[in-house]
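Enquirer: Sharing a structure below in structure tokens format, with a few things to ask.
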Amino acid sequence: MAKSIKAVIFDWAGITVDSGCFAPVQGLAEASQGVGITIGHDRAWQPMDLASLDHVRNTVARLREQGIKIGVTSDDKAAVMERLLPRARAWGFSPDFLISSDQVSQGRPSPCIIWEKLMHFGIQNPREAVEVGNTTAAIIEGKNAGCWTVGVLMGFTEPGLTRAEVAALSGSEFQESRAAIRARFYRAGADYIIDDMDELVGVVADINRKLRQSAVHKLLTPGPLTTRHAVKQAMLTDHCTWDDEYKAITRSVLDDLTGLAANDDYATVLLPGSGTYAVEAMINCLTSWDEKILFLVNGAYGRRMLTIAANAGKQYEQLAFDATRPVDPEALERKLSEDPGIGTVVFVHCETTTGVINPLEELTRLAKAHGKKVLVDAMSSFAAYEIDMPGLDIDALASSANKCIEGLPGLAFVIAKRTLLEECRGRSLSHSLDLHDQYRGLYAGGGKFRFTSPTNILLALRQALDEYEKEGGLAARRQRYRENQQIIVWGLEELGIRPIVAAPHRSYIITTFALGDLDFAELYAALKAGGFIIYPGKLTALPTFRLGHIGDVYPDDMQALVDLLTEYLRMRRNRAETP
Ligand SMILES: *Cc1c(COP(=O)(O)O)cnc(C)c1O
């Protein structure tokens, strides 16, 4: 995995010679003539002052201190370079490896020369190398090689000007000329554009920060999650919302999502936004104004639905339960027998607040036996728990792309009976969260979002569904999450850290642990330093923390976390014992 920059590759011609820093220029010309070559008297360059010259030398020295190899590419023939190198060394610039373009089969923009150097340095990942150049050809070559690219403006002007012409430029002409070069570098796709070589050390530090971030952190959270590379990669295509190809992709996503829990009597309505947007749309559109809703609440997500209903002016009641225990079907049965006025029962399947799994089948059967409509917040259980919507006659559920489907945040969805989606026309108090309207657009409109669709996120969702299929669907995912959880729960138990939910009621999505005398902020920082992001608890009564088991994380990762935690606790004990 990429962790830091290991090589910086310079352009001999541009940076080290033409700009005049390899003084004296005259000597260079002489050396060239010695082998029958004329070095660019007509090349555009701005002589560098001694301070800039020192910048190059200092920059190279500071990169070397970090163990970074210095490679150089030259457009001059190997024979010329042989004569130039001793002079460069005498001046204080000695690359670790130098290749002339006549030493490889293909010149720029082929990445041949760069790869040759990477092989020489034993670098396998081109993202651990930076190409530094002052021409678009160098930047394109670097991009083709898969390296980071840095365009250097330095004292340069547009090529094609003679030295005398450059000297004759006015201040503003010089600036304009540099702006034109900047624009060309940008268009060529440079990752960084710097004015002067002494900015390069800062650029390398910034790249290293990005590499560390991308390589290390595993999120042990209930979403957004650690996602697969292919899922993020899928975002790299820009699509237009009404393009036929894009609409076909959208339709395939709708079909696949529906297929995960239902049949053709149901439809999936995608909505831009986080999961709550879908829960809100479901509650608002799929219950009527004169219908009483009963919420079964055993956590923060259940309570959030009460707020949604209150804001919409719905008639509702709640049955509240202890957050560490599942919703009690007997209490539901009693309530439904006592109060025939209830029209709809709503509950959360996996209460992510604690990780408690509620008895979906039992609650649904009871509500259905009383003839009620059933709406489920299946946000964190969908795609990891079996949900047979037609079999249980569930009316609708809400979930999102960034939980067990392991897609990216930004898209939520409601799967509902088509009859309900048809009949809720005109009921929504909100235009943007109108399920009926959005349903019409997506189905009658052949896959068209009414408003701007989060195209890249949808492509990532398409890829996430492909990854899901590839892994082996629900069975494989359930198995992996269970193993993840087992390693964590057993490992932490050894350390005296215990789950607060009893085993039979625990989901394999996320587990809540008692924090005991640990300090969350300190624990968080220690685990983050080791590459893991953990989640704070959400209970008011008891200090807790949570560990998610979902996302692109595996039993090996879980073991690494347990080892890290073991080490942290050992250090903490030692600290406490030293007076
Ligand atoms: C994640 C989640 C939600 C949605 O939360 P957002 O922050 O809007 O994504 C709703 N219910 C449950 C049970 C969840 O786990």
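The values are calculated or read from the model by the stated rules, or taken from the named source; none is laboratory data. Note that the structure is predicted; figures quoted are calculated from it, not measured. FYI the Cβ positions are ideal-geometry reconstructions off the backbone, even for glycines, and counts take in every protein chain you see.
Enquirer: Among the numbered conditions (1) under 24 Å from the mean Cα position of the chain (by Cα); (2) within 16 Å of the ligand (Cβ to nearest atom); (3) farther than 30 Å from Ile5 by Cα, tell me where Glu280 comes up short.
Expert: Tallying (1) under 24 Å from the mean Cα position of the chain (by Cα); (2) within 16 Å of the ligand (Cβ to nearest atom); (3) farther than 30 Å from Ile5 by Cα, Glu280 fails exactly one: (1).
Per-residue answers, yes or no, for (1) in contact with a strand residue (DSSP E or B) (Cβ under 9 Å, 6 or more places away or on another chain); (2) at pLDDT 95 or above; (3) within 16 Å of the ligand (Cβ to nearest atom):
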| site | (1), (2), (3) |
| --- | --- |
| Asp206 | yes, yes, no |
| Leu211 | no, no, no |
| Ser214 | no, no, no |
| Lys218 | yes, no, no |
| Lys247 | no, yes, no |
| Tyr266 | yes, yes, no |
| Leu270 | yes, yes, yes |
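Enquirer: Out of the residues in the range 535-568 that are at pLDDT 95 or above and of a type in the set (Ser, Thr, Tyr), state the one that is nearest to the chain's Cα centre (by Cα).
Expert: Tyr554
Enquirer: With the condition kept exactly as written, say whether any residue in the range 568-577 is touching a strand residue (DSSP E or B) at 6+ places or on another chain (Cβ under 9 Å) and aliphatic (A, V, I, L, M).
Expert: no
Enquirer: Mind checking which helices (runs of 4 or more DSSP H) fall wholly inside the range 396-491 and carry at least 3 residues that are in contact with a Gly (Cβ under 7 Å, 6 or more places away or on another chain)?
Expert: 455-471
Enquirer: To continue, here is another question. For the range 249-281, name all the residues that are of a type outside the set (Phe, Trp, Tyr) and farther than 19 Å from Gly407 by Cα.
Expert: Correct list: Ala262, Asn263, Asp264, Asp265, Ala267, Glu280, Ala281.
Enquirer: Right, another one. Could you grab the pairs with beta carbons closer than 9 Å, sequence gap of 6+ or different chains, first residue in the range 171-184 and touching a residue at least 24 places away in the same chain (Cβ under 8 Å), second one part of a helix (DSSP H, G or I)?
Expert: Once the first residue is touching a residue at least 24 places away in the same chain (Cβ under 8 Å) and sits in the range 171-184, its partners that are part of a helix (DSSP H, G or I) give Ile181/Thr136; Arg184/Thr136; Arg184/Ile139.
Enquirer: Ok, one more. Residues Leu375, Leu336, Leu332, Leu363: which one is assigned to a helix (DSSP H, G or I), touching a helix residue (DSSP H, G or I) at 6+ places or on another chain (Cβ under 8 Å) and within 16 Å of the ligand (Cβ to nearest atom)?
Expert: After ruling out the rest, the residue left standing is Leu363.
Enquirer: Quick one: what pairs do we get from the range 324-353, first residue in contact (Cβ under 8 Å) with a residue 24 or more places away in the chain and of a type in the set (Val, Ile, Thr), second away from the ligand (no atom under 16 Å from the Cβ) and in a helix (DSSP H, G or I), C-beta under 6 Å, 6+ apart or different chains?
Expert: Val345/Ala367
Enquirer: Here is a further query. Considering only residues that are in contact with a strand residue (DSSP E or B) (Cβ under 8 Å, 6 or more places away or on another chain) and of a type in the set (Lys, Arg), which ones fall in the range 315-338?
Expert: Selection gives Arg325, Lys335.
Enquirer: Report yes if some residue within the range 399-418 is without any contact (Cβ under 8 Å) to a residue 12 or more places away in the chain and either farther than 28 Å from Thr455 by Cβ or more than 21 Å from the chain's Cα centre (by Cα) (or both); otherwise report no.
Expert: No - not one qualifying residue is present in the range 399-418.
Enquirer: When you scan the range 498-507, do you find a residue that is charged (D, E, K, R), within 13 Å of Gly355 (Cβ to Cβ), touching a strand residue (DSSP E or B) at 6+ places or on another chain (Cβ under 9 Å) and crowded, with 17+ Cβ neighbours inside 10 Å, even just one?
Expert: yes
Enquirer: Could I ask something else about it? Give just the number: which of (1) in a helix (DSSP H, G or I); (2) buried (at least 20 other Cβ atoms within 10 Å of the Cβ) does Lys368 not satisfy?
Expert: Among (1) in a helix (DSSP H, G or I); (2) buried (at least 20 other Cβ atoms within 10 Å of the Cβ), Lys368 violates only (2).
Enquirer: Okay, next question. Is there any pair with a first residue in the range 267-284 that is in contact (Cβ under 8 Å) with a residue 60 or more places away in the chain and a second that is within 8 Å of the ligand (Cβ to nearest atom) and acidic (Asp, Glu) whose Cβ atoms are under 9 Å apart and which are 6 or more apart or on different chains, and what are they?
Expert: Gly275/Asp377; Ala278/Asp377; Val279/Asp377; Met282/Asp377
Enquirer: Checking the condition away from the ligand (no atom under 16 Å from the Cβ) and either touching a Leu at 6+ places or on another chain (Cβ under 9 Å) or free of Cβ contacts under 8 Å to residues at least 40 places away in the same chain (or both), which residue from Asp395, Asp388 passes?
Expert: Exactly one residue qualifies, and that residue is Asp395.
Enquirer: Moving to a separate point now. Among the listed residues Ile357, Ile308, which satisfies the condition of being assigned by TED's automatic domain parsing to the domain that holds Leu411 and touching a Cys at 6+ places or on another chain (Cβ under 6 Å)?
Expert: Going through Ile357, Ile308 in turn, the sole match is Ile357.
Enquirer: Now a separate question. Quick one: how many residues across the range 273-301 are buried (at least 18 other Cβ atoms within 10 Å of the Cβ) and either among the charged types (D, E, K, R) or part of a strand (DSSP E or B) (or both)?
Expert: Matching residues across the range 273-301 total 6.
Enquirer: Also: Tell me, yes or no, whether the range 93-107 has at least one residue that is buried (at least 21 other Cβ atoms within 10 Å of the Cβ) and within 30 Å of Ala179 (Cβ to Cβ).
Expert: yes
Enquirer: While we're on this one: Could you check the range 168-196 and list, in sequence order, the residues that are closer than 21 Å to Ile140 by Cβ and in a helix (DSSP H, G or I)?
Expert: The answer is Ser177, Arg178, Ala179, Ala180, Ile181, Arg182, Ala183, Arg184, Phe185, Tyr186, Arg187, Ala188.
Enquirer: Could you identify the single residue in Glu351, Glu317 that is over 24 Å from Ala267 (Cα atoms), buried (at least 24 other Cβ atoms within 10 Å of the Cβ) and among the charged types (D, E, K, R)?
Expert: None of the others qualify; the one that does is Glu351.
Enquirer: Would you be able to say whether some residue in the range 37-50 is in the same structural domain as Leu118 (by TED's automatic domain parsing), assigned to a helix (DSSP H, G or I) and at pLDDT 80 or above?
Expert: No, the range 37-50 contains no residue that is in the same structural domain as Leu118 (by TED's automatic domain parsing), assigned to a helix (DSSP H, G or I) and at pLDDT 80 or above.
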